[in-house]
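Read-outs throughout are calculated quantities, based only on the coordinates presented, and are distinct from any laboratory measurement. What you see is a predicted model; the values in this text were computed from it and never measured. Here Cβ is always computed from backbone atoms with ideal geometry, including for glycine, and neighbour counts include all displayed protein chains.
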Amino acid sequence: MTVSPALTDVLDRIAQAAKASGRTDADVTLVAVSKQQTWERVAPILGAGQAVFGENRVQEAMERWSERRSKVELRLIGPLQTNKAREAVAFFDVIETLDREKLAGVLAEEIQKQGKAPRLYVQVNTGEEEQKAGAIPSEADAFIAACRQTYGLNVEGLMCIPPAAEPPGPHFALLAKIAARNGVEKLSMGMSDDFETAIRFGATSVRVGSALFGAR
Ligand SMILES: *Cc1c(COP(=O)(O)O)cnc(C)c1O
């Protein structure tokens with residue numbers, strides 16, 4: 001194993017932020033977002049022991065990780081089209097972008113067929129931005145209930161991407177509140193610029209790209 005200064009720095013900051021909110025670094029998973037990065041940048045982070053990676057495209061993830069699949073946990077953090085659901089269920093450990101009933105139905109079918117279930121996060125569009133995926137907050141409770149009851153899916157967590165131009169804290173707080181009232185345990189929130197804030201609001205995983213690999 002080699003040392004990566006960028007990885008060490010991010011892990012230190014996660015540990016500090018977790019400690020400051022009465023938790024430990026074991027309570028927060030670092031998801032290294034390797035999308036659009038060259039392998040030359042990804043290899044040192046993998047070589048330094050990082051084992052959880054996030055990708056936003058099914059095809060790109062399969063090309064990059066198929067050969068190394070057994071070494072890592074892979075999370076899909078980008079929008080999922082229903083026609084890619086079969087591959088996504090087969091390939092990913094976690095899908096963080098469950099955001100609509102049609103997708104819930106197709107995922108349920110694939111899980112049944114393949115006898116294999118990725119862990120699932122419901123994406124919530126906390127800022128109600130038109131260009132962004134995710135259930136809007138006022139419909140999140142009903143959507144989570146439908147995932148569970150209508151489609152028999154186990155919702156492990158919630159995920160959000162706050163609007164770029166707003167302070168993220170209120171969005172993280174809102175996601176935590178929706179999770180608590182629905183009995184959902186995990187919170188995927190926080191990126192390079194705001195992961196410490198997200199941890200303060202209860203993030204159990206943070207998705208960090210550029211702070212680890214450099215600008216895309
Ligand atoms: C790209 C991306 C990230 C990582 O963003 P950085 O600012 O580079 O840390 C996190 N989450 C999602 C959903 C992304 O698409």
Which value, in debye to the nearest 20, describes the size of the charge dipole of region 1-68 about its Cα centre when Lys and Arg Cβ atoms bear +1, Asp and Glu Cβ atoms bear -1, and nothing else is charged? 120
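Classify the chain from the C-alpha gyration tensor, please: rounded if a/c falls under 1.5, else prolate or oblate depending on whether a/b exceeds b/c. Could the numbers behind the result be given before it?
Numbers: a/c = 1.76, a/b = 1.16, b/c = 1.51.
Cα axes put the chain in the oblate bin.
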In the neighborhood of E166, defined by Cβ-to-Cβ distances under 13 Å, what is the net charge if each Lys or Arg adds +1 and each Asp or Glu adds -1? -3
Could you give me the ³J(HN,Hα) list for region 114-121, computed from phi with Karplus coefficients 6.51, -1.76, 1.60 and θ = phi - 60°, whole Hz, x at Gly and Pro? 8, x, 8, 10, x, 5, 10, 10
For region 179-194, take each phi angle, set θ = phi - 60°, evaluate the Karplus expression 6.51 cos²θ - 1.76 cosθ + 1.60, and give the result in whole Hz per residue in order, putting x for glycine and proline. 4, 4, 6, 9, x, 9, 7, 9, 10, 9, 7, x, 10, 3, 7, 9
Of K19/K116; K35/K84; K19/K186; K71/K186; K19/K132; K84/K113, pairs whose Cα-Cα distance is over 26 Å: K19/K116; K19/K132
Per DSSP H run of n ≥ 4, the term is -39500 (n - 2.57); total these for the chain, divide by its residue number, and report the mean residue ellipticity at 222 nm rounded to 500 deg cm²/dmol. -12000 deg cm²/dmol
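Order of Y121, Y151 from fewest to most other C-beta atoms within 10 Å?
Working: Y121 26, Y151 17.
Taking fewest neighbouring Cβ atoms as first place, the list is Y151, Y121.
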GNM on the chain, C-alpha springs below 10 Å: top fluctuator among L158, L103, L76? L103
For region 56-104, using Cα atoms only, the Rg and Dmax in Å read 10.5, 33
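Could you tell me the relative contact order of region 5-152? Use alpha-carbon pairs under 8 Å, at least six residues apart, and round to a whole percent.
Details: 182 pairs, mean separation 21.5, N = 148.
15 percent.
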Sequence gap at least 6, Cα distance under 8 Å: using those rules, report the relative contact order of region 81-216 to the nearest whole percent. 18
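Under 8 Å for C-alpha pairs, at least 6 residues apart: give me the relative contact order for region 46-96, rounded to a whole percent.
Working: 53 pairs, mean separation 20.2, N = 51.
Across region 46-96, relative contact order equals 40 percent.
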Assigned charges on the beta-carbon of Lys, Arg, Asp, Glu; region 171-216 dipole about Cα centre (debye): 160
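If you take all C-alpha pairs in region 153-216, what percent of them are over 20 Å apart? Don't jump to the answer; show the numbers that get you there.
Details: 511 of 2016 pairs.
Everything past 20 Å amounts to 25 percent.
Could you work out Rg/(2.2 N^0.38 Å) for region 1-108, with Rg from alpha carbons only?
Values: Rg = 15.5 Å, N = 108, 2.2 N^0.38 = 13.0 Å.
For region 1-108, the normalised Cα radius of gyration comes out at 1.19.
With +1 on each Lys and Arg Cβ and -1 on each Asp and Glu Cβ, how big is the dipole of the chain about its Cα centre, in debye rounded to the nearest 20?
On the way: 26 positive and 28 negative charges, 89 e Å.
Value, rounded to 20: 420 debye.
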